[in-house]
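Here's the structure, in structure tokens; my notes come after.
Derivation of every value follows stated rules applied to the coordinates shown; laboratory data play no part. This structure is a prediction, so every number in the text was calculated from the model and none was measured. With ideal geometry, Cβ positions are generated from the backbone for all residues, glycine too; neighbour counts draw on all protein chains shown.
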Amino acid sequence: MRTAIGVFTTIFLLSGCASLVPGTSREADVNAYFGQAAEQRQLPDGGRVLDFPRAPLGHENWRVTLGPDGIVRSVEQLLDEAHFARLKPGMTLDEVKRALGRHGEYSAYAALSEEVFSWRYMEVGIRRMFFNAHFDANGRFKHSSRSEETIPTNDSDGM
């Protein structure tokens, strides 16, 4: 199963970002493809990380890493099983956001003393889901859950 997901992700990345080639593409190519980065941060070596969230309604969060020379080092989709698996209990919200990018939805549950940040994603490219990160009262990641995204219907006959 893991291999199938990896193969699908590779095919998706190659087809979805065919115009961005690590080692060849430049920052201008990234801007032409994605537009302006919603968030960016400087790396110690002079490179930069650019985030392109598609939240709240999108199912993707893209991250592009540039070298100090402005050439693309990597392009990755953050909302997948490999990235979800990197989350560990005790992480802060900032650490989780750094791993997954900007969230799409937020809920607070006072009775549980918990906050839940959610990201829409496509499970194996065909099933619309939410990945939910649950945080305790101290703002530490407790666990995750998943829920299927329900799409409202426009029922014109009132039934």
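Would you tally the net charge around Arg128, using a Cβ to Cβ cut-off of less than 9 Å, leaving Arg128 out, and scoring K and R as +1, D and E as -1?
Working: positive: Arg120, Arg127; negative: Glu123, Glu148, Glu149.
Surrounding charge for Arg128 is -1.
Residues with beta-carbon under 15 Å from that of Ser107, excluding Ser107: net charge, scoring Lys, Arg +1 and Asp, Glu -1?
Numbers: positive: Arg120, Lys142, Arg146; negative: Glu105, Glu114, Glu115, Asp136, Glu149.
Cβ neighbours under 15 Å give a net charge of -2.
Mind checking the log10 I(q)/I(0) for the range 19-159 at q = 0.17, 0.22 Å⁻¹? Debye, one equal scatterer per Cα, no solvent, two decimals.
Log-scaled intensity ratios, in q order: -0.97, -1.30.
Express in whole angstrom the spacing between the alpha-carbon centres of the range 90-129 and the range 43-63.
Result: 16 Å between the Cα centres.
Would you work out the charge dipole size for the range 81-148 about its Cα centre, treating the Cβ of every Lys and Arg as +1 and the Cβ of every Asp and Glu as -1, and quote it to the nearest 20 debye?
On the way: 11 positive and 9 negative charges, 43 e Å.
Dipole magnitude for the range 81-148 comes out near 200 debye.
Can you compute 3J(HN,Hα) from phi for each residue in the range 96-102, using the Karplus curve 6.51 cos²θ - 1.76 cosθ + 1.60 with θ = phi - 60°, rounded to whole Hz and x for Gly and Pro?
For the range 96-102, the Karplus-derived couplings read 5, 5, 5, 6, 10, x, 5 Hz, x marking Gly and Pro.
Taking amide hydrogens as modeled 1.01 Å from N in the peptide plane, which residues meet the under 5 Å criterion relative to Leu43, leaving out close sequence neighbours?
Answer set, sorted by chain and number: Arg48, Val49.
List the equivalent ellipsoid semi-axes of the range 81-148 in whole Å, largest first, each obtained as the square root of 5λ for an eigenvalue λ of the Cα gyration tensor. Walk me through the intermediate numbers first.
Numbers: eigenvalues 78, 38, 18 Å².
Each semi-axis is √(5λ); the values are 20, 14, 9 Å.
Once the Cβ-Cβ distance between Leu43 and Glu81 is put in as r, and R0 is 30 Å, what FRET efficiency do you end up with, to the nearest 0.05? Numbers along the way, then the final one.
Values: r = 25 Å, r/R0 = 0.85.
The calculated FRET efficiency here is 0.75.
If you take every residue apart from Glu95 with its C-beta less than 11 Å away from the C-beta of Glu95, what net charge results, scoring Lys and Arg +1 and Asp and Glu -1?
Details: positive: Arg86, Lys88, Lys97, Arg98, Arg140; negative: Asp94.
Result for the neighbourhood of Glu95: +4.
In whole Hz and in residue order, list the ³J(HN,Hα) couplings for the range 51-57 that follow from phi through the Karplus curve 6.51 cos²θ - 1.76 cosθ + 1.60, θ = phi - 60°; x for Gly and Pro.
Here the 3J(HN,Hα) series is 10, 10, x, 10, 6, x, 9 Hz.
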